[in-house]
1. How many of the residues in region 433-452 are modelled with pLDDT under 95 and outside any loop (DSSP other than H, G, I, E, B)?
2. Of all residues being in contact with a strand residue (DSSP E or B) (Cβ under 6 Å, 6 or more places away or on another chain), of a type outside the set (Gly, Ala, Ser) and surrounded by 24 or more Cβ atoms within 10 Å (Cβ to Cβ) in region 250-274, which is nearest to Ala341 (Cα to Cα)? Just the residue, please.
3. Where in region 468-544 are the helices (runs of 4 or more DSSP H), entirely inside, with at least 2 residues that are more than 28 Å from Asn72 (Cα to Cα)?
4. For region 184-202, what are the residues that are more than 19 Å from the chain's Cα centre (by Cα), part of a loop (DSSP other than H, G, I, E, B) and touching a residue at least 40 places away in the same chain (Cβ under 8 Å)?
5. What is the number of the single condition among (1) β-branched (Val, Ile, Thr); (2) without any contact (Cβ under 8 Å) to a residue 60 or more places away in the chain; (3) part of a loop (DSSP other than H, G, I, E, B) that Val209 does not meet?
6. Only one residue in Glu11, Glu75 is closer than 29 Å to Arg491 by Cβ and either in the same structural domain as His100 (by TED's automatic domain parsing) or not in a strand (DSSP E or B) (or both). Which one?
7. Among His52, His40, which is the only one that is outside any helix (DSSP H, G or I), crowded, with 22+ Cβ neighbours inside 10 Å and touching a Gly at 6+ places or on another chain (Cβ under 7 Å)?
8. Test each condition in (1) within 24 Å of the chain's Cα centre (by Cα); (2) small (Gly, Ala, Ser); (3) surrounded by fewer than 14 Cβ atoms within 10 Å (Cβ to Cβ) for Ala234 and report the one that comes out false.
Amino acid sequence: MRFDGGEVDEEALGRMTASLRHRGPDDQGCWRAAGLGLGHRRLSIIDVAGSHQPMSSADSRWTLAFNGEIFNYRELRGALDYPFRTQGDTETILAGLALHGIGYVTRLVGQFALAAYDMQERVLHLVRDRLGVLPLHLSHDTDRLVFASEVKGVLAGMRQRPSVDLESLDAYLAGRSVPAPYTLFEGVHKVLPGHRVEVSLDTGRAEQVRYWRPPEEERGAWSPRGAVAAVDEALTQAVGASLVADVPVGAYLSGGVDSSLIVAKAAQLHGGGRLKTFAAGFGDPRHDELPHARRVSEQFGTDHREVAIAARDFEDLWPLLTWHRDAPMSEPADFAVYRLAQAAREDVTVVLSGEGSDEIFGGYPKYAAARAMAALSVLPAGVRGPVGGVLDRHLPERLSRLRIAVRVWGTRERQDQHRAWFSPFTASERAGLLAGVPTRTHEDGRDEGDPVRQMLLGDLRGWLPDNLLERGDRMSMATSLELRPPFLDHRLVELAFRLPSGLKVRGGETKWVLKQVARRHLPPDIVDRRKVGFRVPLDAWFRSSLRATVRERLTAPGGFVADTLDRALVRDLLDRHDSGSFNEDIRIWTLMSLEVWHDTFFRSGR
């Protein structure tokens, strides 16, 4: 989009769409008007033979480029008096815009990122779905706007490659991802979940509008039995909606309660034969969930496939997956998600996942500790900080859970405590590593309610979209596979936030209301077993097969980490891990991912 009256460069638009071919290998298209160009790559899922994009409305007022799926598009179409020419959800959005304006996006159920241009008002609307399941990035300056689903698409349309946003390094070291609206690329930003950005072609002015937020808690309105019944019904509705497709749909199955519950419902609602399911293993008996996944598969009669992940995958795939991620690989499980996506793409085009359950129903151990931590944190920060720092540094590997709790307790600023549960480095450690590097104050927002609700809202705003959903989207789209998380159907999310915290964390049990739903459908040992998740044996790999690579990359002169962060502190970190008495795997992972990201985008010529 150009604000100086010039034409959009057709070659640049072509480069941008080409950079996103993996997101849409089935079709492509471009549309240009005075000062504006829209490009699109399509992964055909609904109305496979039709619905080519960009698409214009019947009256030519609106033109749309849309990524995602609208699950209720058939219902919406039936209520619109419009001369439809296709059978898909894209034209359903266009019809709604033509008849009702941009506010129509609030009626959409699904996951989406879209660019809709209003020819009459000469305004471009960039809209991201409520929970941030799908990404949308932009770069905006005085004379132009460049936007795309992924950062690499934005980079392809910029006049010059941006530098590293050094002010975002502190946020990255605090959470292994950069909170929206920022990225590690200077001047490249994320559109916030549940927001739209309105950009005037005439003035270049951009206005951000929030169109969705979680509802208030309904205290005293819910009985335990009523809440369980409501969540069960809403989850069934969400899974049913996520199965809407004109192509094969499968599901990930870890054997944990979340994915197992999704599979239980999808197997019943799924048409067209046995549901295909996919699981990953690492060959480490400490973290092997494959037997549990097999059991669930057998119970629901799914066509099940397993994928093995090895240390070699990390070295071989790290640069490629970093390119797809547009950012440092925030989670070791990114590799497993990619390998799962590769396997799933051989059989299906869409896959369901259990992502989001913990962040809306309170599934992490930290939620059970939220009230106690809030009470203990009344002690002055001047006491908590130094004591917490000493304990954190001396607690051995076998007390890793206590070490995390101590780190959180010792966090000086109360507003930073929520992020500290997943933070690899404390504030003081980050200050030491980043001595002399400028930092940006992170505004985490003000959350209402009790400590559990505050924590849930913080995770919904940051950890979920900036880390987990970004990981899920990029690793699946790297293989041209669409990932759908039914737990993040906004209707289910709204129900979850209307429920009081006492129905989520009850009697010390996390995710209580959802587990009661699960007991209706799953064996007790699947519901009650300890949560594992994707656990990668990095601690052992960083002391063996990956040890030499890591030490060379993080300490040799000329490396980004070695030259930007305090090299002596990095060496001390590696030595502590080598000793075997301490487990520093996630901190080493965080630094290595940063180094590989810098190499990928600033040295490899990508």
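1. Residues meeting the conditions: 2.
2. Going through the qualifying residues, I end up with Tyr252.
3. On the way: elements: 470-477, 490-498, 512-519, 524-528, 538-541.
Those helices (runs of 4 or more DSSP H) span 512-519, 524-528, 538-541.
4. Passing the criteria: Gly187, Leu201, Asp202.
5. Every condition holds for Val209 apart from (3).
6. Glu75
7. His40
8. Failed condition: (3).
The values are calculated or read from the model by the stated rules, or taken from the named source; none is laboratory data. Just so we're clear, the structure is a prediction, and the values are computed from it rather than from any experiment. Cβ atoms come from the backbone with ideal geometry, glycine included; neighbour counts cover every protein chain shown.
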